[in-house]
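The block underneath contains the structure these notes are about, expressed in structure tokens.
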């Protein structure tokens with residue numbers, strides 16, 4: 001083999017060529033040292049640069065960390081981890097929901113380690129042999145049968161069959177809960193609550209003693225299981241531990257209220273299937289409460305439910321016109337009149353006329369307190385006697401047939417008062433409603449009729465001073481009609497806080513809410529002034545006696561009161577504060593879910609409350625009428 005050297009431009013003398021293969025010597029020691037120094041300098045510069053840059057770890061890391069035997073202290077926060085060591089024979093679906101829905105800050109980690117079926121089948125075969133041998137031995141020796149062993153044998157045989165057929169698979173399952181608290185006392189109370197909650201389901205837990213740091217690390221969102229405390233489980237019980245459970249409000253009967261924001265299922269519900277059919281709707285202005293109520297009205301009418309609405313702002317006229325309803329505008333100059341002295345005409349029940357008259361006197365006296373202001377004990381007694389004499393003047397006395405009686409009017413009541421002693425001041429205050437400015441409101445026989453599936457009473461054109469009186473009179477008239485004929489009805493009282501401002505009207509509405517179930521009536525109270533409504537003792541009682549509640553977007557000023565009354569969690573409070581239009585929480589009995597109100601295009605055109613949209617609809621209607629006229 002011959003070696004040949006050659007010098008060309010760019011030739012490295014340190015390289016030799018042998019058989020076409022280049023052989024090159026490595027860099028010298030000085031060159032290596034120089035390169036190492038350059039790399040070290042570059043790394044040092046990068047380290048100095050990174051030291052002055054804020055990272056995400058700097059933002060989330062606590063200021064200090066102290067590890068104790070049973071907990072970890074992160075700055076001012078105490079942290080404790082609990083793990084499950086054993087389960088009962090059966091666990092129900094969503095067994096972890098009481099802990100997941102607990103009003104506490106927590107992290108939950110679940111780890112699933114699959115095991116090969118042949119390994120489990122081998123172990124189950126041995127276990128079956130042991131159990132069968134034990135059962136046979138006990139039987140031959142005359143011992144009583146052991147239900148525990150027989151049940152275990154049946155379970156193992158069933159599991160063997162399912163594993164063989166591929167119906168079930170086997171896993172080792174780890175479940176860890178880490179709780180956070182701002183005080184050690186609160187952490188102890190929270191730990192005891194969780195342990196007792198699990199214990200009530202025969203699920204036993206332990207605290208991570210001398211493994212507090214490992215427990216905390218196991219529930220961090222990095223997927224590391226440093227505790228490695230597992231329990232053998234097959235697929236079916238594992239499926240029941242799925243944590244993301246939400247209340248399902250879908251039933252076979254009822255109307256569509258909206259979309260469940262938890263799982264996109266439909267919230268279909270029948271309010272008359274609850275303990276009572278009453279509902280409350282709370283929201284800020286513009287959050288979509290009237291929109292939601294109109295949708296419910298429209299869909300309820302499709303199922304044959306009669307609907308009555310008290311409308312303070314003439315928002316329901318477009319809906320009434322669209323479905324052919326009766327729209328009654330109550331004002332001082334209106335031809336629609338309601339007589340507060342009207343009596344119910346009950347059918348199909350044995351109620352004495354004396355009880356009906358006494359009930360009418362009590363109700364009318366509540367109206368008079370609204371009209372006349374504060375009354376003394378003597379004046380209250382005089383009004384009570386004058387009301388009975390007013391009815392007697394029209395031959396409405398105990399024992400008569402009320403179906404043929406003609407009720408008195410306010411002028412008749414004034415005439416009776418003028419003939420009594422010590423009533424000068426009362427008569428003077430009453431004349432404002434019989435002869436003065438307000439005489440066109442309640443001093444007339446009833447001229448309205450509720451013979452339509454949708455009846456809307458509008459009080460927009462009334463002065464603020466008269467609105468509580470008019471709404472009280474309307475509600476009393478509706479109550480008389482409801483008691484006269486029993487059928488499925490819904491009464492919607494919009495801006496119900498008007499009635500909460502006075503004790504007598506608030507007491508009257510509360511009495512209706514308590515009694516309406518017997519007459520197949522559901523009352524919906526709607527308000528945007530949550531503080532005025534809930535600070536009234538009768539307002540809170542109305543909420544308690546309403547099985548269905550709809551909470552839409554709330555203001556920060558009222559959210560704490562809402563949370564206290566409805567027992568909301570911190571997450572639910574944030575949901576209500578950050579909800580968009582038509583979003584909120586829907587309560588039906590013991591169930592509740594986040595809801596999104598949805599409507600079809602045709603429904604939206606009928607129930608919209610957007611002024612721009614309503615103006616556009618009116619303009620299109622005029623253009624259509626003009627084109628038809630041409």
Practice task
Tell me, yes or no, whether segment 449-467 has at least one residue that is touching a helix residue (DSSP H, G or I) at 6+ places or on another chain (Cβ under 7 Å), crowded, with 21+ Cβ neighbours inside 10 Å and assigned to a helix (DSSP H, G or I).
Solution key: no
Exercise for the section: Any residue in segment 47-73 that's within 21 Å of residue 218 (Cα to Cα): show its pairings with residues that are exposed (fewer than 10 other Cβ atoms within 10 Å of the Cβ) at Cβ separation under 7 Å, as long as the two are six or more apart or on different chains. Expected result: none
Completion exercise
Within segment 95-150, residues being more than 30 Å from residue 182 (Cα to Cα), surrounded by 11 or more Cβ atoms within 10 Å (Cβ to Cβ) and in contact with a strand residue (DSSP E or B) (Cβ under 7 Å, 6 or more places away or on another chain) number 5
Handout entry: Condition check for residue 254: surrounded by 14 or more Cβ atoms within 10 Å (Cβ to Cβ) and over 22 Å from residue 78 (Cβ atoms)
Key = yes
Handout entry: Residue count for segment 590-614, restricted to those that are touching a helix residue (DSSP H, G or I) at 6+ places or on another chain (Cβ under 8 Å) and in contact (Cβ under 8 Å) with a residue 24 or more places away in the chain
Key = 9
Practice task
Would you check if residue 332 is under 30 Å from residue 607 (Cα atoms) and more than 40 Å from the chain's Cα centre (by Cα)?
Solution key: yes
Exercise for the section: Inspect all residues belonging to segment 564-582 and state whether any of them is on the phi > 0 side of the Ramachandran plot and loosely packed, with under 13 Cβ neighbours inside 10 Å. Expected result: yes
Exercise for the section: Determine which single condition residue 531 fails, assuming it passes every other condition in (1) under 15 Å from residue 272 (Cα atoms); (2) without any contact (Cβ under 8 Å) to a residue 60 or more places away in the chain. Expected result: (1)
Handout entry: Any hit, segment 220-229, residues being modelled with pLDDT under 90 and touching a strand residue (DSSP E or B) at 6+ places or on another chain (Cβ under 9 Å)
Key = yes
Problem - Members of segment 370-382 found to be over 21 Å from residue 344 (Cβ atoms) and touching a helix residue (DSSP H, G or I) at 6+ places or on another chain (Cβ under 9 Å), listed by number - result: 371, 372, 373, 375, 379, 380, 382
Fill in the blank from the handout: Counting only residues that are under 50 Å from the mean Cα position of the chain (by Cα) and either assigned to a helix (DSSP H, G or I) or on the phi > 0 side of the Ramachandran plot (or both), segment 408-426 contains a total of 6
Handout entry: Selection within segment 440-465 - without any contact (Cβ under 8 Å) to a residue 60 or more places away in the chain and more than 15 Å from residue 342 (Cβ to Cβ)
Key = 463, 464, 465
Completion exercise
If you go through 510, 457, the only one that is closer than 21 Å to residue 325 by Cα and modelled with pLDDT of 80 or more is 457
Handout entry: Conditions (1) surrounded by 19 or more Cβ atoms within 10 Å (Cβ to Cβ); (2) over 25 Å from the mean Cα position of the chain (by Cα); (3) under 22 Å from residue 529 (Cβ atoms): number failed by residue 313
Key = (1)
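The values are calculated or read from the model by the stated rules, or taken from the named source; none is laboratory data. No experiment lies behind these values; they were computed from the predicted model shown. For neighbour counting, all protein chains shown are included, and Cβ atoms are generated from backbone atoms with ideal geometry for every residue, glycine included.
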